[in-house]
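The values are calculated or read from the model by the stated rules, or taken from the named source; none is laboratory data. If you're wondering where the values come from, they're calculated on a predicted model, not measured in any experiment. Because the Cβ atoms are built from the backbone with ideal geometry, glycine has one as well, and the counts that use them run over all protein chains shown. SASA here: full protein model, heavy atoms, side chains in, ligands and nucleic acids out. Shrake-Rupley method; radii C 1.70, N 1.55, O 1.52, S 1.80 Å.
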Amino acid sequence: MDRNLKVGVVGLGLIGGSIFKALCALKCNVYGVSRSNQTIQKAKNYSPNVSKSLLYLKNCDMVFVCTPMNCISKVLDQLNSILSPETIVSDVSSLKSFLCNKKYNYKFIPTHPLAGTEFAGFNYSFESIFQRTKWVLTPSEGTDENDIKKLTDIIEVLGAKPIFANPKEHDEAVALISHMPMLISQAIFKTAKDNSLAMKLASSGFRDMTRLAMSNEEMAVDMINLNSENIQHALLKLYSSVGELLNEDYESQIKEIKKDRQIMYINGNNIL
Ligand code: NAP
């Protein structure tokens with residue numbers, strides 16, 4: 001990565017704060033913008049280069065937009081009249097199709113880091129969050145290879161592995177591995193929580209199955225609103241899998257499932 005690049009980060013929450021802290025630790029030229037005075041004050045402990053104004057990013061070579069999905073389009077529009085046509089802008093939102101049809105004056109390359117925790121905000125951000133994770137890029141056709149390289153260089157410096165996908169397939173895939181599991185996790189908790197004995201007995205299995213019920217609410221609402229069709233398809237597939245498991249040879253199916261799941265683990269797939 002070119003350490004002389006001026007990199008801006010908008011929205012210093014869990015993801016943006018983590019990019020900001022990691023780039024500060026790497027002694028990069030990093031500029032942060034966030035909404036609240038409290039976050040600005042906390043970020044100043046890492047670098048004096050923080051502001052509430054997007055104008056502060058005017059001279060950046062690259063900008064990561066890390067706000068919640070419900071306001072990302074507005075921020076991308078605002079940056080349109082601030083940044084130079086040479087600036088590379090990337091977002092980190094968990095969905096990609098809703099952003100992919102818009103043209104901007106700057107060079108826009110949408111991305112999605114597959115990293116996170118159930119916590120939100122700058123306090124919970126940490127510089128190693130992207131280590132050994134995957135980071136999806138969904139560049140549109142004709143995007144300059146040199147610009148993609150500049151972005152993947154930063155992604156790799158942050159510790160993640162770049163993976164390319166098209167926006168539609170990305171959104172279908174994350175419905176299966178992230179959004180539908182979050183909804184099921186919330187539903188499991190909702191179903192069991194009023195049984196006081198169940199809550200007294202709940203242990204590691206229940207804890208693991210319901211961790212996603214503690215997801216950031218704003219992000220969860222955005223996911224359900226923006227990816228509802230793919231989530232519904234994922235749920236239909238889930239119902240059908242449950243039906244197959246219960247109505248066909250359960251034992252041989254779960255042996256196969258267990259074997260496949262263990263192979264993922266043995267291959268060091270780091271979602272596990
Ligand atoms: P978060 O912790 O709530 O952080 C969002 C931050 O955006 C807040 O700290 C807030 O800053 C700031 N913000 C809100 N509106 C703003 C605006 N108009 N201008 C500037 N800053 C603004 O959420 P997050 O988990 O980091 O999620 C951020 C993005 O990352 C979302 O698009 C999400 O889809 C994506 N993502 C999240 C995860 C995950 O697991 N959490 C994983 C991958 C991708 P203040 O603190 O200053 O109010």
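Checking residue 61 against (1) within 16 Å of the ligand (Cβ to nearest atom); (2) in contact with a strand residue (DSSP E or B) (Cβ under 7 Å, 6 or more places away or on another chain); (3) of a type in the set (Asp, Glu), which single condition isn't satisfied?
(1)
Among the residues of region 222-272 satisfying the criterion of being more than 22 Å from the chain's Cα centre (by Cα) and not in a helix (DSSP H, G or I), which is modelled with the highest pLDDT?
Ranking the candidates gives 249 first.
State whether one or more residues within region 35-50 are near the ligand (Cβ under 8 Å from one of its atoms) and in a loop (DSSP other than H, G, I, E, B).
So far as region 35-50 goes, yes, one or more of its residues are near the ligand (Cβ under 8 Å from one of its atoms) and in a loop (DSSP other than H, G, I, E, B).
Cβ contacts < 7 Å: first residue at positive phi, restricted to region 9-25; second residue near the ligand (Cβ under 6 Å from one of its atoms), any location; separation 6+ or different chain. Result?
So the pair list comes out as 11/34; 11/66; 11/67.
If we keep just the residues of region 1-51 that are surrounded by fewer than 14 Cβ atoms within 10 Å (Cβ to Cβ) and of a type in the set (D, E, K, R), which is nearest to residue 122 (Cα to Cα)?
Filtering region 1-51 down to residues surrounded by fewer than 14 Cβ atoms within 10 Å (Cβ to Cβ) leaves 2-4, 25, 27, 36-38, 41, 44-45, 48.
With of a type in the set (D, E, K, R) added as a condition, the list becomes 2-3, 27, 44.
Working: 2: 26, 3: 24, 27: 19, 44: 12 Å.
Per the criteria, the residue is 44.
Just checking, how many residues over region 156-203 are charged (D, E, K, R) and touching a residue at least 40 places away in the same chain (Cβ under 8 Å)?
Pass one, region 156-203, residues charged (D, E, K, R): 156, 161, 168-169, 171-172, 190, 193-194, 200.
Subsequent filtering for residues that are touching a residue at least 40 places away in the same chain (Cβ under 8 Å) retains 156, 168, 171-172.
Number of matching residues: 4.
Just name the residue that is farthest from the ligand (Cβ to nearest atom) out of those in region 229-263 that are open to solvent by less than 50 Å² (accessible area, probe 1.4 Å) and under 20 Å from residue 95 (Cα atoms).
235
Which condition from (1) within 20 Å of the chain's Cα centre (by Cα); (2) open to solvent by less than 20 Å² (accessible area, probe 1.4 Å); (3) more than 11 Å from the ligand (Cβ to nearest atom) is the one that residue 83 breaks?
(1)
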